[in-house]
Amino acid sequence: MEHAFDRSSLGAFLRTRRSALQPEDVGLRRGPRRRAPGLRREEVAELCTMSADYFARLERGDGPQPSEQMVAAIARGLRLTPDERDHLFLLAGYRTAPRELRSAHVSPGLMRVMDGLAHQAAQIMGPLGETLVQTPPAVALLGHQTQYTGHARSATYRWFTDPAARERYHPDQHGKNSRTNVALLREAVTRGGPGSAAADLADVLRRTSEEFARLWERHEVGLRWSETKRFVHPQVGELDLYCQLLLDPDQGQSLLVFTATPGTESHEKLALLSVLGTDRFAADTQ
């Protein structure tokens, strides 16, 4: 059920949130010429992945009603708390955020950590393996993973249904990765119970993937991702990386940071990806 779209209050709320957000809060340098408090509209627009003109119209109160997906992007870009996010949805004319958008909202604290990792390969994952936010180096390492919809948002679903999902992982790790994906999903089903999103995902995979169905019958639990991972990148070749994990138990989300031992070939390759920061950098540097 929709709520009344309050353009004036929405604009005022956006202005106050933008003024309260400091450059340091989002990993930006303040600079000597910053006169007004808070972030500039152009900076917020970039954080929200929208045009500065569109954001300015919303602030002025003469813009069109944003979509639910756009409201979710604004909530994330402005580093809103869950209560502030729900308030934003009401002002934008929606009774509440859909379940999938609520689960995709990243806490301000986790986003602040992510802001400090802009030049590192890092990404935030949802409880079912949904990639919510990626730094440019993470995109360069693993490809764009935030554009999927439906069940394909889950890395577990893609692992068992899309051969391309395995291309950047060394074949030696495919078997262990498959078992770990299944074990972690089984634990999520146990926590969520019948009717949960995890149970739905497991049912779909049992019907669509013979490998998943076979591993599901083993009833394995307690498997965890290895701290060391071997990737195969289409441009730079093999990389041996460490994967550090920071868990947000309240949101069920995790922050993954990929690093390499200094002085190694993998460290040099990861540094190259971090500098170029794009998945198809080869075409840009020809």
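The values are calculated or read from the model by the stated rules, or taken from the named source; none is laboratory data. Every value quoted in this text rests on a predicted model; they were computed, and no experiment measured them. Cβ coordinates were reconstructed from backbone atoms using ideal geometry, including for glycine residues, and neighbour counts include every protein chain displayed.
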Out of segment 203-233, which residues are under 30 Å from His267 (Cα atoms), touching an Asp or Glu at 6+ places or on another chain (Cβ under 8 Å) and surrounded by fewer than 14 Cβ atoms within 10 Å (Cβ to Cβ)?
-> Thr228
Only one of (1) surrounded by 17 or more Cβ atoms within 10 Å (Cβ to Cβ); (2) free of Cβ contacts under 8 Å to residues at least 40 places away in the same chain is not met by Tyr148, so which one is it?
-> (1)
Give the residue, chosen from Thr146, Thr131, that is among the hydroxyl-bearing types (Ser, Thr, Tyr), within 25 Å of Ala198 (Cα to Cα) and part of a loop (DSSP other than H, G, I, E, B).
-> Thr146
Checked Arg158, Arg186 against criteria (basic (Lys, Arg), more than 15 Å from the chain's Cα centre (by Cα), at pLDDT below 95 and not assigned by TED's automatic domain parsing to the domain that holds Arg76); the one match is Arg186
Only one of (1) in contact with a helix residue (DSSP H, G or I) (Cβ under 8 Å, 6 or more places away or on another chain); (2) free of Cβ contacts under 8 Å to residues at least 60 places away in the same chain; (3) assigned to a helix (DSSP H, G or I) does not apply to Gly38, and that is (3)
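Report, by residue number, each residue of segment 47-59 that is part of a helix (DSSP H, G or I) and without any contact (Cβ under 8 Å) to a residue 12 or more places away in the chain.
Step one: of segment 47-59, the residues part of a helix (DSSP H, G or I) are 47-48, 52-59.
Residues satisfying the conditions are Ala52, Asp53, Tyr54, Arg57.
Of all residues in segment 16-35, count the ones that are aliphatic (A, V, I, L, M) and in a loop (DSSP other than H, G, I, E, B). Walk me through how you get there before you give the answer.
Step one: filter segment 16-35 for residues aliphatic (A, V, I, L, M), giving 20-21, 26, 28.
When the remaining residues are screened for being in a loop (DSSP other than H, G, I, E, B), the result is 21, 28.
Of the residues in that region, 2 qualify.
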How many residues of segment 54-98 are surrounded by 15 or more Cβ atoms within 10 Å (Cβ to Cβ) and among the β-branched types (Val, Ile, Thr)? The answer is 2
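Under the condition of being part of a loop (DSSP other than H, G, I, E, B) and touching a Phe, Trp or Tyr at 6+ places or on another chain (Cβ under 6 Å), which residue from segment 60-95 is modelled with the highest pLDDT? Quick ask: steps written out before the conclusion?
Step one: filter segment 60-95 for residues part of a loop (DSSP other than H, G, I, E, B), giving 61-67, 78-81, 92-93, 95.
If we keep only those that are touching a Phe, Trp or Tyr at 6+ places or on another chain (Cβ under 6 Å) as well, we get 65, 93.
Working: Gln65: 91, Gly93: 88.
Among those that are part of a loop (DSSP other than H, G, I, E, B) and touching a Phe, Trp or Tyr at 6+ places or on another chain (Cβ under 6 Å), it is Gln65.
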Can you name the number of the only condition in (1) of a type in the set (S, T, N, Q); (2) closer than 23 Å to Ala138 by Cα; (3) at pLDDT below 95 that Ser178 fails?
-> (3)
Check segment 157-175 and report whether any residue there is buried (at least 18 other Cβ atoms within 10 Å of the Cβ) and assigned to a loop (DSSP other than H, G, I, E, B).
-> no
Matching residues in segment 205-220 - criterion: being in a helix (DSSP H, G or I), without any contact (Cβ under 8 Å) to a residue 12 or more places away in the chain and more than 27 Å from the chain's Cα centre (by Cα) | Arg207, Glu210, Ala213, Arg214
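Return the residues of segment 116-127 that are outside any strand (DSSP E or B) and under 12 Å from the mean Cα position of the chain (by Cα); say none if nothing qualifies.
Narrowing segment 116-127 to residues outside any strand (DSSP E or B): 116-120, 126-127.
The answer is Gly126, Pro127.
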Just give me the residues in segment 225-274 being part of a strand (DSSP E or B) and of a type in the set (Asp, Glu), in sequence order.
-> Glu238, Asp240, Asp248
